[in-house]
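Chemist: Before we start, here is the structure in question, set down as structure tokens.
The values are calculated or read from the model by the stated rules, or taken from the named source; none is laboratory data. None of these values were measured; they are calculated from a predicted model. Cβ sites come from the backbone with ideal geometry, for glycine too, and all protein chains shown count toward neighbours. Ligands, DNA and RNA are stripped out before the accessible areas are found, and what is left, the full protein with its side chains, is counted by its heavy atoms. Shrake-Rupley method; radii C 1.70, N 1.55, O 1.52, S 1.80 Å.
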Amino acid sequence: MNKLIIVVFVVFAFWAIGNTGSEKPVGKQIKVLQINAWHGATAVPGGFKGLLGIIEQIDPDIILLCETKHNNINVVTKLVDTLKILGKIYYGETSNGSASLMSKYPIESANACCASEVQGPMAKAYISIEGHTLAVYSAHLDYKHYECYLPRGYSGVSWKKIASPIDNADSILKANRLSERDESISAFVKDAKVEIEKGNLVLLGGDFNEPSHMDWQADTKDIRDHNGLVIHWDCSVMLSEMGMIDSYRQKFPDAVKYPGFTFPSANNAVPVDKLTWAPEADERDRIDFIYYYPNSAWSLSNVSIVGPEETIVRGKVKERDSEDSFIVPTGIWPTDHKANLATFMIERSMTSKK
């Protein structure tokens, strides 16, 4: 009798394990590419071909772009049309010429949002994936008052050398707030909280033209010309306080080993003096980001820097000096920034159709 009970129990256990596995919600992998197109992919010879090439190489599901409009030509429209000829269907949102987005999934509705009095709006769109609504934001924040140059001995307004580096964090932040970046992020926080309350997934990416406070702490204060400073840069602090997650720092929290620099980017198709604005300093920073709001419906699987592995230090191209994970373009690199690729797993909603 005891043996029979054991046999029945084992059979039931294996059935339960197999049955549980078969009923486990399935999901979908989503790749998100964030990239600055640099003057509508016109600043680099063959830049549009290069931008098209990196999209074909990576095959992202969602693309967050900025600097997409140049001379009244929006590169998103051109990309969508060209990719269609190549058999790849994307939908584009071009409500803001400075920040745009593309998606393999139909864009259900779109609008511009989160504008301040001076700063242009973010592009915002709703996309449905696996029964979940994604509120997707693409941002290109104010490029003026780029005050992470002050500790490095350069003006963030004229981009010229100043008499001496600024070594006071409070005065640097005061100057930094003359930009419209913090107003834009404040508007985003207000808008995104409404989406979160609805239960929607929230994704934000773009060129912020401002570093992350996570990259300017005690472990980096004496390197990269930070001039001994710890600086709590406003935009990243505001996003962290509302609960948004910096995808790169989630996977790579060590900012010394994994700096994740996105600007300036090496680019062998462009003279180096066109890529650097502070040629006598180590001006490297991570100013391009992909953020997301945590939700049980999705998780971050992987993240990489996309672009040339080489780096620029004091006006010269040098070999990589970090442990960052790179996806190296096989063709022309179209920009003076490096890009971000984040991969998410989105679970199928129990109410969605299979």
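Chemist: Taking a ≥ b ≥ c as the square roots of the eigenvalues of the Cα gyration tensor of region 29-151, is the shape rounded (a/c under 1.5), prolate (a/b larger than b/c) or oblate?
Modeler: Oblate, because a/c is 1.5 or more while a/b does not exceed b/c.
Chemist: Starting from the Cα of residue 321, step 7 Å along the direction of its Cβ; do the same at residue 190; then give the gap between the two resulting points in nm.
Modeler: 4.4
Chemist: Once you order the gyration tensor axes a ≥ b ≥ c over the Cα atoms, which shape class does region 198-271 get: rounded for a/c under 1.5, otherwise prolate or oblate by comparing a/b with b/c?
Modeler: Oblate.
Chemist: If you don't mind, there's one more thing I want to ask. Return the lysines within reach of residue 88: Cα separation strictly under 20 angstrom, same-chain partners fewer than 8 residues apart disregarded; answer none if there are no such residues.
Modeler: Of all the lysines, those that pass the test against residue 88 - Cα under 20 Å, at least 8 places apart if same chain - are 28, 31, 49, 78, 104.
Chemist: So, one more: With n ≥ 4 as the cut-off for DSSP H runs, can you work out [θ] at 222 nm for the chain, using -39500 (n - 2.57) per run divided by the number of residues, rounded to the nearest 500?
Modeler: -7500 deg cm²/dmol
Chemist: Continuing with the same structure: How high is the relative contact order of region 176-334, in percent, with contacts defined as C-alpha pairs under 8 Å that are six or more residues apart?
Modeler: Taking the mean separation of contacting Cα pairs over the length of region 176-334, I get 24 percent.
Chemist: Give me the number: length gained by fully extending residue 282 to residue 81, i.e. 0.36 nm times residue separation minus the C-alpha to C-alpha distance, one decimal in nm.
Modeler: Residue separation times 0.36 nm, minus the Cα-Cα distance, leaves 68.4 nm.
Chemist: Find the accessible area per residue for the chain; the probe is 1.4 Å, ligands and nucleic acids are left out, and the unit is Å².
Modeler: Ligands and nucleic acids excluded, the result is 45 Å² per residue.
Chemist: Pairs of Cα atoms under 8 Å, at least six residues apart: use those to get the relative contact order of the chain, whole percent.
Modeler: Answer for the chain is 20 percent.
Chemist: Report, in degrees rounded to the nearest 10, the 0 to 90 angle that the Cα long axis of helix 2-23 makes with the longest principal axis of the chain.
Modeler: Relative to the chain, helix 2-23 is tipped by roughly 40 degrees.
Chemist: With charges set only on the Cβ (+1 for Lys and Arg, -1 for Asp and Glu), what does the dipole of the chain come to about its Cα centre, in debye to the nearest 20?
Modeler: Here the chain has a charge dipole of around 1000 debye.
Chemist: What shape does the chain have by the C-alpha gyration tensor, where a ≥ b ≥ c are the square roots of the eigenvalues, rounded means a/c under 1.5, and otherwise prolate means a/b greater than b/c and oblate the rest?
Modeler: It is prolate, given that a/c is not under 1.5 and a/b is the larger ratio.
Chemist: Of 186, 169, 68, which is farthest on the positive side of the dipole of the chain, counting Cα position, with +1 on Lys and Arg Cβ, -1 on Asp and Glu Cβ, and the Cα centre as origin?
Modeler: 68
Chemist: Could you tell me how many degrees, from 0 to 90 and to the nearest 10, lie between the Cα long axis of helix 47-58 and the main elongation axis, the longest principal axis, of the Cα atoms of the chain?
Modeler: Helix 47-58 sits at roughly 30 degrees to that axis.
Chemist: Hey, another quick one. Calculate the spin-label point distance for residue 218 paired with residue 29, positioning each point 7 Å from the Cα along the beta-carbon direction, and give it in nanometres.
Modeler: Each label point is offset 7 Å from its Cα along the Cβ direction, giving 3.9 nm.
Chemist: Additional query: Got a number for carbon plus sulfur as a percent of the chain's accessible area, 1.4 Å probe?
Modeler: Carbon with sulfur: 55 percent of the solvent-accessible area.
Chemist: Related question: So if I take the alpha carbon set of region 182-222, get Rg, then get Rh from the Kirkwood formula, what is the Rg over Rh ratio?
Modeler: 1.13
Chemist: Restricting attention to the chain, give the cysteines that have no other cysteine Cβ less than 4.7 angstrom from their Cβ.
Modeler: So far as the 4.7 Å Cβ criterion goes, 66, 148, 235 stand without a partner in the chain.
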